[in-house]
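Participant: Just dropping this structure here.
The values are calculated or read from the model by the stated rules, or taken from the named source; none is laboratory data. Being a predicted model, the structure only gives us computed values, none of them experimental. Positions of Cβ are generated from backbone atoms using ideal geometry, with glycine treated the same way; all protein chains shown enter the neighbour counts. Protein only, heavy atoms only, side chains kept; ligands, DNA and RNA dropped before computing areas. Shrake-Rupley method; radii C 1.70, N 1.55, O 1.52, S 1.80 Å.
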Amino acid sequence: KLARFPCVRTLEGFDFDAQPSIDPGQIRDLATGRWIGHGQALLLLGPPGVGKTHLAVALGREAVDRGYTVLFTSGAALMAGLTKAHADGRLEEKLLQISKPKLLIIDELGYLPLEPAAAHLFFQLVSRRYERASMLITSNRPVGEWGQVFGDAVAATAILDRLLHHSQVVTIRGDSYRLRDKRRSGLLQ
Ligand code: ADP
Ligand code: MG
């Protein structure tokens, strides 16, 4: 029993009218889980507050409902776990454990820049899952900046090469949903 969603968020609770840069049809298609059956990757990219985590949790929930094993983790917790396992000589065990769920959701990758050693650990995880099991990754950094995110352009290229091979990329634009009430009430410009 995995998953570990940080909050309750549903597709029904997502206001598509407030987010015109997203195609509702694409999200509804993703909710069927077919992409997970095919071991594809999904990247949700965009600035803070536009609904990346909301959609990641909601799609994760849909996947669970359809019988897929799902593990939800933050980018920071994942990288800390991999780094610690590596230091403890348990990397293989850890990679095996994280490679098992049919869908691995990594929320907010690249919020903090990674050490080059961490980039190499992440590459090993991506290689392990490549074409066998799906990953859903959210990030506030466009893939063009992942060389900086990973602190290693070669590792970033190798990671993106595998991630993007069979993938869908949803780029969300617009203003933070968190701040919209404040904007409306005139607290923000
Ligand atoms: P991000 O992960 O992109 O920073 P979140 O998914 O955490 O953003 O969204 C911030 C808050 O706004 C959350 O409480 C989320 O449920 C809500 N939210 C964002 N976009 C929408 C939307 N289109 N409809 C309903 N709630 C939304
Ligand atoms: Mg988020």
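Participant: Looking only at residues in the stretch 5-51 that are on the phi > 0 side of the Ramachandran plot and either more than 13 Å from ligand 2 (Cβ to nearest atom) or of a type outside the set (Gly, Ala, Ser) (or both), which one is modelled with the lowest pLDDT? Give the derivation first.
Facilitator: Here is the first cut: in the stretch 5-51, the residues on the phi > 0 side of the Ramachandran plot are 33, 39, 46, 49, 51.
Now narrow it down to the ones that are either more than 13 Å from ligand 2 (Cβ to nearest atom) or of a type outside the set (Gly, Ala, Ser) (or both): 33, 39.
Working: Gly33: 97, Gly39: 94.
Step by step, filter the stretch 5-51, then rank; the result is Gly39.
Participant: Any residue at all in the stretch 108-126 that is open to solvent by 40 Å² or more (accessible area, probe 1.4 Å), within 10 Å of Gly75 (Cβ to Cβ) and free of Cβ contacts under 8 Å to residues at least 40 places away in the same chain? Don't jump to the end; show me each part of the working.
Facilitator: We begin by selecting, within the stretch 108-126, every residue open to solvent by 40 Å² or more (accessible area, probe 1.4 Å); these are 108, 111-113, 115-117, 120, 123-124.
When the remaining residues are screened for being within 10 Å of Gly75 (Cβ to Cβ), the result is 108, 111-112.
With free of Cβ contacts under 8 Å to residues at least 40 places away in the same chain added as a condition, the list becomes 111-112.
Yes - at least one qualifying residue is present in the stretch 108-126.
Participant: Another question about this same structure. Tell me the residue from Leu78, Leu109, Leu71, Leu125 that is more than 21 Å from Phe150 (Cα to Cα) and of a type in the set (A, V, I, L, M), please.
Facilitator: Values: Leu78 fails: more than 21 Å from Phe150 (Cα to Cα); Leu109 fails: more than 21 Å from Phe150 (Cα to Cα); Leu125 fails: more than 21 Å from Phe150 (Cα to Cα).
Answer to the selection: Leu71.
Participant: So how many residues does the stretch 127-169 have that are within 16 Å of the chain's Cα centre (by Cα), of a type in the set (Lys, Arg) and over 16 Å from Gly75 (Cβ atoms)?
Facilitator: Within the stretch 127-169, residues that are within 16 Å of the chain's Cα centre (by Cα), of a type in the set (Lys, Arg) and over 16 Å from Gly75 (Cβ atoms) number 1.
Participant: Still on this model: Can you name the condition, by its number, that Met79 falls short on among (1) in contact (Cβ under 8 Å) with a residue 60 or more places away in the chain; (2) over 22 Å from Tyr177 (Cα atoms); (3) not charged (D, E, K, R)?
Facilitator: (1)
Participant: When Leu45 is evaluated against the numbered criteria (1) touching a strand residue (DSSP E or B) at 6+ places or on another chain (Cβ under 7 Å); (2) under 22 Å from Arg132 (Cα atoms), which criterion, by number, is the only one it fails?
Facilitator: (2)
Participant: I need the full set of residues from the stretch 22-36 which are open to solvent by less than 40 Å² (accessible area, probe 1.4 Å) and not in a helix (DSSP H, G or I), in order please.
Facilitator: Once the filter is applied, which keeps residues that are open to solvent by less than 40 Å² (accessible area, probe 1.4 Å) and not in a helix (DSSP H, G or I), the stretch 22-36 yields Ile22, Gly33.
Participant: Continuing with this model, one more query. Conditions: (1) open to solvent by less than 10 Å² (accessible area, probe 1.4 Å); (2) at pLDDT below 95; (3) part of a helix (DSSP H, G or I). Gln97 meets all but one. Number of the miss?
Facilitator: (1)
Participant: Test each condition in (1) under 22 Å from Gly39 (Cα atoms); (2) more than 16 Å from ligand 1 (Cβ to nearest atom); (3) among the β-branched types (Val, Ile, Thr) for Ile106 and report the one that comes out false.
Facilitator: Failing condition for Ile106: (2).
Participant: Going through the stretch 52-78 one residue at a time, which ones are in a helix (DSSP H, G or I), away from ligand 2 (no atom under 16 Å from the Cβ) and of a type in the set (A, V, I, L, M, F, W, C)?
Facilitator: Filtering the stretch 52-78 for residues in a helix (DSSP H, G or I) gives 52-65, 75-78.
Going one step further and asking which of them are away from ligand 2 (no atom under 16 Å from the Cβ), we end up with 62-65.
Of everything in the stretch 52-78, those that are in a helix (DSSP H, G or I), away from ligand 2 (no atom under 16 Å from the Cβ) and of a type in the set (A, V, I, L, M, F, W, C) turn out to be Ala63, Val64.
Participant: Given the criteria within 14 Å of ligand 1 (Cβ to nearest atom), under 18 Å from Val170 (Cα atoms) and in contact with an Asp or Glu (Cβ under 6 Å, 6 or more places away or on another chain), does Thr53 qualify? Full working, then the answer.
Facilitator: Values: within 14 Å of ligand 1 (Cβ to nearest atom): yes; under 18 Å from Val170 (Cα atoms): yes; in contact with an Asp or Glu (Cβ under 6 Å, 6 or more places away or on another chain): yes.
Taking the combined requirement at face value, the residue satisfies it.
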